[in-house]
Each structure stands twice: as structure tokens, then as C-alpha cells.
1. Please list, by residue number, every one of the chymotrypsin sites (Phe, Trp or Tyr not before Pro) in region 261-328 that is coil in DSSP and has at most 13 other beta-carbon atoms within 10 Å.
2. When averaged across all projection directions, what area in nm² does the alpha-carbon convex hull of the chain cover?
3. Using the heavy atoms of the protein chains alone and a 1.4 angstrom probe, what is the accessible area of region 250-309 per residue in square angstrom?
4. Give me the count of lysine pairs in the chain whose alpha carbons sit under 21 angstrom apart, restricted to pairs 8 or more positions apart or on different chains.
5. Once R0 is set to 56 Å, what does the formula 1/(1 + (r/R0)^6) return for the Cβ-Cβ distance between Ala5 and Arg160, expressed as a FRET efficiency to the nearest 0.05?
6. Determine, from the Cβ-Cβ distance of Gln126 and Leu299 and an R0 of 41 Å, the FRET efficiency 1/(1 + (r/R0)^6), rounded to the nearest 0.05.
7. Residues with amide H under 5 Å of Ile70's amide H, sequence separation 5 or more or different chain, H placed in the peptide plane at 1.01 Å from N; which?
8. Restricting attention to region 233-300, which trypsin sites (Lys or Arg not before Pro) occupy a DSSP loop and are surrounded by at most 13 other Cβ atoms within 10 Å?
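The values are calculated or read from the model by the stated rules, or taken from the named source; none is laboratory data. These numbers come from a predicted model, not from an experiment. Here the Cβ is made from the backbone with ideal geometry for all residues, glycine too, and neighbour counts use every protein chain on show. All accessible areas refer to the heavy atoms of the entire protein, side chains included, with ligands and DNA or RNA removed. Shrake-Rupley method; radii C 1.70, N 1.55, O 1.52, S 1.80 Å.
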Amino acid sequence: MLCIAAIALLCAAIFVNGFTDAPNAIAVAVSTKTLTLKRACLAGAAMNFLGALAGGVLTPQVLHTVIGLIDFRTSDPARAQAAVLSSFAAIALWGIFCWQKGLPTSESHGLLLGLLGGAFALNAWQGIGISQFATVCWGMLLSLALGYGLAFISGRLYKRLQKRAKQALHPQKAIRLCAYLLSFLHGAQDGQKFIGAFWVLVCSFYGGISFSPLPVILATACMMALGTFLGGGRIIDTICHKLVHTTLENGVCADVSSCICLLGLTMVGAPVSTTHVKVASLVGAARAVEGQRADKRTLWGLAGAWAFTFPACFALGYFFTKLVLCFL
């Protein structure tokens, strides 16, 4: 019964990831009307599945980082199971709160920090892989810097190309292609994180048995797509209209830069967020192409939510776990 509850909560966390993280991959294509939301979601679902499959099989570096990050092993299986269950509950609660506020936070980072909080409540420092946690931290900072820097450079290059071109540039095809590729890379990144979370769940309930990741990949892609379709519009509105005014010109620069950044960081095994990369890229591209400045209120709101995600999810996972363990 506890295992079924834990799986349900993990699925809820994946579903909320569709609210808060997956929409960033298709945000430019939808906001510029290059793709409809329905078509973008359907295409994104297929690419999420392929990305998760390719990431888990061909480049599992992120998966290995996640597995080494968290340790729920203990001599009392009931305590480990309760800790995992509590961590998933905390993650789902945080994701729903952020979606209601329209904040495009990283549900996958919330997942990792919630599990870290539960592991710390159970095993103290022995439950945390310090080197892997360092990888998560520097990956987040590097993704923001690379996203902004690459997008700014891409925007400057695009302006020069536009001046030299004999006819107007029409980047719709590039935006459509980038939406598919970003969905693929989102699946490669977040799919591995959720497979790692499922591995933690399986080990806590059944020991170190092997399992086929294919059903997990399929379920992850479907839940992400459903969440995106039902709630992704809020996130798209926040980053593509409130944060900056997204155009075809700055949108294509942001998307190309996001693809390069996500691909590189996935290859080196850094668990990063599509949200962080996409927002930084949009701000950099809008600044370079049209001289736009991001809306300060929206930007500070996003930055505050990102900064608060780490301690909030860790604390929720920790206190939920401690509360449940009190009754065992």
C-alpha cells in the first residue's frame, strides 16, 4: 500500500513538472503562434519520450549523478519507505503552490532537494552525496550564465545577419525545430531525474533489484505532457509576455542558445533546469536583439522563487519525514 502511495505521489510530481518545467521548451513556439498549444504539447510528448529514452540509454550521466546524490538505505526498511513517501508528498505540494502563483520554477530541482531533505532527516550527512550536490549547484549557476551569454551573442549575430540579408529572415521553421529539440533535451534531463527518483523508491521498498526503465520513461513523458496541456499556459504567459515581449527574432535566438546549453550540460552529467536555461536565454536575447530590459518585478519574482526552491523543498522534505518518523 505504501509503495502504491509513493508511486502515486511520484506521478503527481511528474504531472506538476508538466505545469512548471516542460512548458518552457515550447513557450516561444506557442507565444509566437508558430505552433498551437495542442500541437506543441503532442509533439513535445513524443520528443519527451524519445529524449528520456535516449538520455537513459545513451547518455545516463545525469541519472548516475542523481543516484549518487541521495541515500535512503537504513537497517529499518519501514523508516526508509516513510522517508521516501514524505519526500514525494513535499515535492508535489511545492510544485502545486508554484503553479498556482504562475512561477516557472524547476520541479526537477524541487524533486532533488525534497529527496535530499528526506534523506538527511533519515541518515543525516550520510544520506547526501556531497560531490553530486556540488554538481547540482554549479550546474544551476552555469546554466544561467551560459543561457544568458549564448543568447546575447546569438542575438548580436542575428542582427548582423539580418542587416546583410537581401530579404527578410523568417525564423518560424527554426523556432518549430527548436521546440521539438528542446522537448527532446527536456526529456533527456528530467526523464533521468525521475528515473533516478524511481530507482530510489524501488531500492527503499524492495532492495537493490533491477528494473526496466521503459515503463517509467513512458509514464514520465505522458504525465509531463498532460500537465503541460492542462496548466502550461500560465508559465508561457509569465516568461513570454510578462518577463519580456517575445518576438520571432529574439525567440529563435533564445531557443537556439537553450538547445546548445542544455545539450552540453546534459552530456557532462549536470542536472539542470529547462526553466533556468530558457528564462536566462530569453532575457539575453531580448536585450541583444531589441534592447529590451526584462520586467524587474517579474524577474525578481522568478529569482526569488528559484532561490527559495532549494531551502523550501529541502525543509519540506525534512520536516515531512521527521513528522512521519515520529509515529514509527
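1. Phe327
2. Result: a mean projected hull area of 15.2 nm².
3. Dividing the accessible area of region 250-309 by its residue count gives 35 Å².
4. Step by step, the pairs that qualify in the chain add up to 16.
5. FRET efficiency, Ala5 to Arg160: 0.50.
6. Values: r = 39 Å, r/R0 = 0.94.
The calculated FRET efficiency here is 0.60.
7. Gly129
8. Arg293
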